[in-house]
1. Report, ordered by the first and then the second residue, all pairs with beta carbons closer than 8 Å, sequence separation of six or more or different chains, a first member in the stretch 180-206 that is among the β-branched types (Val, Ile, Thr), and a second member that is in a loop (DSSP other than H, G, I, E, B) and exposed (fewer than 15 other Cβ atoms within 10 Å of the Cβ).
2. Mind telling me which of the residues 81, 90, 65, 97 ends up being in contact (Cβ under 8 Å) with a residue 60 or more places away in the chain and either over 16 Å from the mean Cα position of the chain (by Cα) or crowded, with 18+ Cβ neighbours inside 10 Å (or both)?
3. Hey, residue 82 hits all of (1) touching a helix residue (DSSP H, G or I) at 6+ places or on another chain (Cβ under 8 Å); (2) in a loop (DSSP other than H, G, I, E, B) but one; which does it fall short on?
4. Just for strands (runs of 3 or more DSSP E) wholly inside the stretch 111-164: which have at least 2 residues that are modelled with pLDDT under 90 and open to solvent by 40 Å² or more (accessible area, probe 1.4 Å)?
5. When residue 108 is evaluated against the numbered criteria (1) at pLDDT 95 or above; (2) closer than 24 Å to residue 50 by Cα; (3) not hydroxyl-bearing (Ser, Thr, Tyr), which criterion, by number, is the only one it fails?
6. Please go through the stretch 8-51 and give me each residue that is touching a helix residue (DSSP H, G or I) at 6+ places or on another chain (Cβ under 6 Å), under 16 Å from residue 64 (Cα atoms) and open to solvent by 40 Å² or more (accessible area, probe 1.4 Å), ordered by number.
7. Can you tell me which of 267, 186, 180, 190 is out of contact with any Leu (no Cβ under 6 Å at 6 or more places or on another chain), open to solvent by 70 Å² or more (accessible area, probe 1.4 Å), in a loop (DSSP other than H, G, I, E, B) and not acidic (Asp, Glu)?
8. Which members of the stretch 20-43 meet the condition of being among the aliphatic types (A, V, I, L, M) and over 20 Å from the mean Cα position of the chain (by Cα)?
Amino acid sequence: VWDAAMRERLFAPLGLAKTVTLPEEAIIWDVAAGHIITPDGPVVAPVWALMRNAGPAGLIDCAIEDLLKFARMHLKQGVAEDGTQIIKPETAAEMIEFSADVPEKYLLGDSWGLGVTRFDWGGKRVYGHDGNTIGQAAFLRWYPEGNFAVGLLTNEGSSHELYLRLYTEIFEALGGVEVPGMIEVPDEPPQLDITPWLGKYERASVEINIYEGEDGPHFKAEQKGELAEIDPNSKMDFLMKPVREGLYAVWVDEMQVEAPVWFYQIPSGERYIHFGARATRKVA
């Protein structure tokens with residue numbers, strides 16, 4: 001049902017000729033296999049895609065020209081290239097309006113709209129959405145003030161550094177927009193107390209443990225369920241480097257960047273960890 005709805009309500013009216021959701025559709029095109037990072041270098045991922053029940057979360061395959069048609073629709077308040085109104089102008093506007101704050105503002109944006117990530121880049125408001133599956137990474141940004149969009153589709157998980165280099169150059173050249181870099185670990189790390197944050201954190205399919213190792217505080221995560229069976233990086237253990245109160249950094253080989261780990265407490269008293277653009281609640 002979801003596959004049919006996407007074809008009938010979005011792909012066809014928007015003219016996305018090379019956008020599909022099923023492997024039997026994707027094989028018609030010149031598709032790229034995902035690659036993962038190993039100590040010996042990049043290798044082909046062990047699976048083509050995520051499990052079928054994760055369709056809306058990461059089973060859309062498309063060509064870059066189709067991705068930019070989708071972005072152009074948002075720049076034109078929901079109108080396709082042929083003039084078809086795909087979504088109402090008020091819906092397009094609502095999608096980019098502030099809906100929720102993001103506690104950790106380094107990896108992605110500072111807030112969310114409706115399915116849209118909101119970015120504050122040097123005081124300029126940029127919108128977009130990213131995606132990662134097994135050995136694949138995609139990046140999309142559109143900038144209404146400059147009336148342009150930029151998309152990047154890659155078949156290697158460690159493409160975040162490439163994204164930063166390309167988008168920094170492109171956005172500066174086309175719109176004078178400053179793209180912020182990733183988190184920087186201070187040369188002289190501050191002395192932070194990790195004690196309040198030690199323990200176990202859980203959400204559906206993921207368990208995270210924060211513990212004290214001989215070399216300092218560690219972030220240990222393990223995926224559960226179906227995803228753990230197909231993801232070669234389903235277990236990870238990182239040394240956390242202190243940055244400032246509540247904020248640590250871990251080096252992620254698959255991304256080739258220092259990724260932020262943010263600890264925070266909500267008004268009800270519950271403690272959370274924010275990592276990989278996802279929040280996970282402390283349970284023990």
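The values are calculated or read from the model by the stated rules, or taken from the named source; none is laboratory data. Source: prediction; values computed, not measured. Quick reminder, even Gly has a Cβ in these numbers, built from the backbone with ideal geometry, and neighbours come from all protein chains shown. The protein model used for the area step is the full one, side chains on, heavy atoms only, and it has no ligands, DNA or RNA in it. Shrake-Rupley method; radii C 1.70, N 1.55, O 1.52, S 1.80 Å.
1. 206/224
2. 81
3. Condition (1) is where residue 82 drops out.
4. Values: elements: 117-121, 124-133, 136-143, 148-154.
Of the strands (runs of 3 or more DSSP E) lying wholly inside the stretch 111-164, those with at least 2 residues that are modelled with pLDDT under 90 and open to solvent by 40 Å² or more (accessible area, probe 1.4 Å) span 124-133.
5. (1)
6. 18
7. After applying the criteria, what remains is 267.
8. Narrowing the stretch 20-43 to residues among the aliphatic types (A, V, I, L, M): 20, 22, 26-28, 31-33, 36-37, 43.
Passing the criteria: 20, 22, 26, 27, 28, 31, 43.
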